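In what follows, a single structure is set out as structure tokens and then discussed.
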Amino acid sequence: MKLTQFGHVLGIVACVACGSTETPQLTTTSAVAHPRAAHALLVETASCWMGGIWGDVQGETPDERARSSDARCDEVVRDVWGRADHRRFIQLRAFEPEALAAVKHMMDRRAFADPTEARNVDGLDKIFTRLAFAARETMAARRAAHRILRDWDHERDRLNEEEALALPELEHTIAFEELWRVDAGELTSEAKVFALMVLLDRIHVAEMLPLHLKPYVVAEPFHAVFGATPPNLPHDASKPLERGAWLSFLVDVACQARHPVNDDVVIPRAKHEAAMAGILAGIADQLEQNTSAIGEGTRLADVSRKTIRALRPTL
């Protein structure tokens, strides 16, 4: 299955907001409104930043996904600041530091107020911070991809100057790798689930791009998750790209994901589709393994299981 069949479109909009965000005034009542309220706020915020995935697995159309993503972000704003506020909505979607600090502050207050969550405050904080930065990395990669696609001439076998300048945004994945590898204690499996959803987002960005740019977006994440050796990629406009490197890399990733491409598949397009199907099945395997450690009845587990079913359409 190609990711385009999965239908994922993330609704994060990069905006520049002015002004400062005050730390929300919290009350004891707001801090203990529901059991596991801190964890719920973490997942709620993730659903704002990764709204496309949440909408996809529930069968929403692109228009419905955009509206639902906006609604989830509005809910975070109401939850943290107590009322609808468009400025803070924009700041949250743009990963403004003040907005991130306010959400984290509310999450910590709720965790400390709940004995069942107090022992996981450090894990919640680690996941929240790394998830925010990983989602922001993906947003930057998507914006760079859109800039490139505006002027792409469809006849290129090497980087042009604009593409070379965009490479840092396309391939920057430090936060993703930190999220994937973070030790969040009892919540480590949840960190893995979030990271795998970010990886699906990056695959979608890669599929938007022309062939010679696709590896830059996912090479290091595939290495982190599956151990596949990244291809040797040029970083200036003077060096040609190795032909067939992307397809060879995908085949290797599928093999490392334990869903190898059959040797009798030789047509490049069919081999590409088989490799992508194997990679997505490998992601589903990883989701399944980590979701089993999350526990039943949580919103994150429910979304993860729906994602698994979407990645395994034949099951």
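Only residues that are modelled with pLDDT under 85 and of a type in the set (S, T, N, Q) were counted in the range 218-258, giving 1.
Condition test on Glu220, is it surrounded by 17 or more Cβ atoms within 10 Å (Cβ to Cβ) and more than 27 Å from Glu44 (Cα to Cα)? The answer is yes for Glu220. Residues that are assigned to a helix (DSSP H, G or I) and of a type outside the set (Asp, Glu) were ranked within the range 171-183; the one that is surrounded by the most Cβ atoms within 10 Å (Cβ to Cβ) is Leu179. Out of Glu186, Glu273, one residue alone is under 18 Å from Ala310 (Cα atoms), surrounded by fewer than 21 Cβ atoms within 10 Å (Cβ to Cβ) and either of a type in the set (Phe, Trp, Tyr) or modelled with pLDDT of 90 or more (or both). It is Glu273.
Just one of the listed residues (Arg109, Arg142, Arg87) is at pLDDT below 95 and either in contact with a Ser or Thr (Cβ under 6 Å, 6 or more places away or on another chain) or in a helix (DSSP H, G or I) (or both), namely Arg142.
Taken as a whole, the condition of being under 20 Å from Ala134 (Cβ atoms), at pLDDT below 95, loosely packed, with under 15 Cβ neighbours inside 10 Å and out of contact with any His (no Cβ under 7 Å at 6 or more places or on another chain) applies to Pro168.
Of the residues making up the range 46-71, those that are part of a helix (DSSP H, G or I) and surrounded by fewer than 20 Cβ atoms within 10 Å (Cβ to Cβ) are Pro62, Asp63, Glu64, Ala66, Arg67, Ser68, Asp70, Ala71. Taking each residue of the range 163-187 that is farther than 15 Å from Ile148 by Cβ and looking for partners that are among the hydroxyl-bearing types (Ser, Thr, Tyr) and surrounded by 18 or more Cβ atoms within 10 Å (Cβ to Cβ) with beta-carbon atoms closer than 8 Å, six or more apart or interchain, yields Phe176/Thr138.
The values are calculated or read from the model by the stated rules, or taken from the named source; none is laboratory data. This structure is a prediction, so every number in the text was calculated from the model and none was measured. Cβ atoms come from the backbone with ideal geometry, glycine included; neighbour counts cover every protein chain shown.
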